[in-house]
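The values are calculated or read from the model by the stated rules, or taken from the named source; none is laboratory data. Everything numeric here is computed off the predicted structure, so don't read it as measured data. Don't worry about glycine lacking a Cβ; one is built from the backbone with ideal geometry, like all the others, and counts go over all protein chains shown.
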Amino acid sequence: MNKTFTGIRKINLTTSSGSCRLVKGTTSEVSVTVRHSYASNDYQPAMEQDGSTLYLKEDFAGRGSYSGSSSWELTVPDNIEIRFSSGSGDFEANDMVLKLTGSTGSGDYRWKNVSGESKINTGSGNITIDDFRGTLDLNTGSGDVAVTKASGDLYLNTGSGEISLTQVKGKFSANVGSGNIKGSQLELTGKSTFNSGSGNINVRLATVPDFAIAVNSGSGDAVLDFNGNKIEGKITMVVNKRNGNIVAPFAFDKTEELDEDGYNNVRIRKTAQLGAKDVDIKISSGSGTAEIRK
């Protein structure tokens, strides 16, 4: 099934388990192609234009389960706004400028060479992004997030998955409940935080940070690697006295014990001012190792 529409600025697509693939068009028209393997009397794609908004959804004959699958291919111009909602469908986009809002139960998201704004929520799906410019707001309950060759503001959260960042320039807020965070060749353009409840964090910088950075793990290791760049800034490193460990390639100016209602809660805090930069660098761990590498 294929239909073409004109004057579209926004698309709302809702599927049960159908996937969506965006293709960049050469005109201002929007073309919709649906392929499915359901019985014809069980499944019907619905398409309705209301002004500049196109509503797309899947209609089934009744309640219950149906045997089959579906895929939606949308050929769209740049600067289109997409709202995608699916129980378990995947989403893919390449080589375009768009504004995307996505919500899925277990679907995966994949896109490459995309610019714009993206806000994604998925229960257990993975999110894979390569070559992105803009703002990312990504949340997954138990899936992994991987971002490569990107720039912009990144807000990344996962409950029990892992976050991987490679060759990314931006302002970061990365949070994991029980997984790991790994960053390589990162350049900060704003105040950034990396947090894990019980996983390890390893952040490797591409340049000396000009903005505040905090790396914290509740029970894992927290490592900030300067990757051969000069270590400069107001450095604070904190660990639990009983179970934690602080490692750094320089001497500290001050060491303190912070007594917080009992021996198990006593923390060790070490501070140092290196160079002239007035940039806060904070590394902490509850029961793991807090480490700075040169």
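Things worth noting here:
- Filter result for the condition that a residue is assigned by TED's automatic domain parsing to the domain that holds Leu22 and surrounded by 20 or more Cβ atoms within 10 Å (Cβ to Cβ), over Phe132, Phe60, Phe91: Phe91
- The number of residues in the stretch 201-236 being of a type in the set (Asp, Glu) and touching a Lys or Arg at 6+ places or on another chain (Cβ under 6 Å) comes to 2.
- Some residue of the stretch 12-24 being at pLDDT 95 or above, surrounded by fewer than 15 Cβ atoms within 10 Å (Cβ to Cβ) and not assigned by TED's automatic domain parsing to the domain that holds Asp130: no
- Just one of the listed residues (Ser86, Ser69) is surrounded by fewer than 19 Cβ atoms within 10 Å (Cβ to Cβ) and either assigned by TED's automatic domain parsing to the domain that holds Lys3 or farther than 21 Å from Leu54 by Cβ (or both), and it is Ser69.
- In this structure, Thr207 qualifies as among the β-branched types (Val, Ile, Thr), free of Cβ contacts under 8 Å to residues at least 24 places away in the same chain and surrounded by fewer than 20 Cβ atoms within 10 Å (Cβ to Cβ).
- Elements of the type strands (runs of 3 or more DSSP E) sitting completely within the stretch 32-97 and holding at least 1 residues that are touching a residue at least 60 places away in the same chain (Cβ under 8 Å) and among the charged types (D, E, K, R): these cover 80-86.
- The set of residues in the stretch 65-85 that are of a type outside the set (Val, Ile, Thr) and at pLDDT 95 or above comprises Ser71, Trp72, Glu73, Leu74, Pro77, Asp78, Asn79, Glu81, Arg83, Phe84, Ser85.
- Extreme residue, surrounded by the fewest Cβ atoms within 10 Å (Cβ to Cβ), among residues of the stretch 232-262 that are on the phi > 0 side of the Ramachandran plot and either outside the structural domain of Gly288 (by TED's automatic domain parsing) or not charged (D, E, K, R) (or both): Gly262
- Residues within the stretch 196-233 that are part of a loop (DSSP other than H, G, I, E, B) and charged (D, E, K, R), tallied: 4
- Selection status of Lys294, within 30 Å of the chain's Cα centre (by Cα) and either in the same structural domain as Leu205 (by TED's automatic domain parsing) or surrounded by 11 or more Cβ atoms within 10 Å (Cβ to Cβ) (or both): yes
- Qualifying residue in the stretch 274-283 (condition: in the same structural domain as Glu187 (by TED's automatic domain parsing), loosely packed, with under 14 Cβ neighbours inside 10 Å and in contact with a strand residue (DSSP E or B) (Cβ under 8 Å, 6 or more places away or on another chain)): yes
- Residues that are within 12 Å of the chain's Cα centre (by Cα) and either charged (D, E, K, R) or not in a strand (DSSP E or B) (or both), drawn from the stretch 137-158: Asp137, Gly141, Gly143, Asp144, Asp153
Condition check ((1) under 12 Å from the mean Cα position of the chain (by Cα); (2) over 23 Å from Phe5 (Cβ atoms)) across all residues:
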{"position": "Asp78", "(1), (2)": "no, no"}
{"position": "Lys99", "(1), (2)": "no, no"}
{"position": "Tyr109", "(1), (2)": "yes, yes"}
{"position": "Thr128", "(1), (2)": "yes, yes"}
{"position": "Asp131", "(1), (2)": "no, yes"}
{"position": "Thr135", "(1), (2)": "yes, yes"}
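- The stretch 35-46 - residue that is farther than 16 Å from Arg21 by Cα and surrounded by 15 or more Cβ atoms within 10 Å (Cβ to Cβ) and, of those, farthest from the chain's Cα centre (by Cα): Asp42
- Residues of the stretch 234-244 that turn out to be assigned to a strand (DSSP E or B) and not aliphatic (A, V, I, L, M), as a count: 3
- Scanning the stretch 177-187 for residues that are part of a strand (DSSP E or B) and over 16 Å from Ile283 (Cα atoms) gives Ser184, Gln185, Leu186, Glu187.
- Answer from Gly220, Gly288 - the residue that is under 21 Å from Gly177 (Cβ atoms) and out of contact with any Asp or Glu (no Cβ under 7 Å at 6 or more places or on another chain): Gly220
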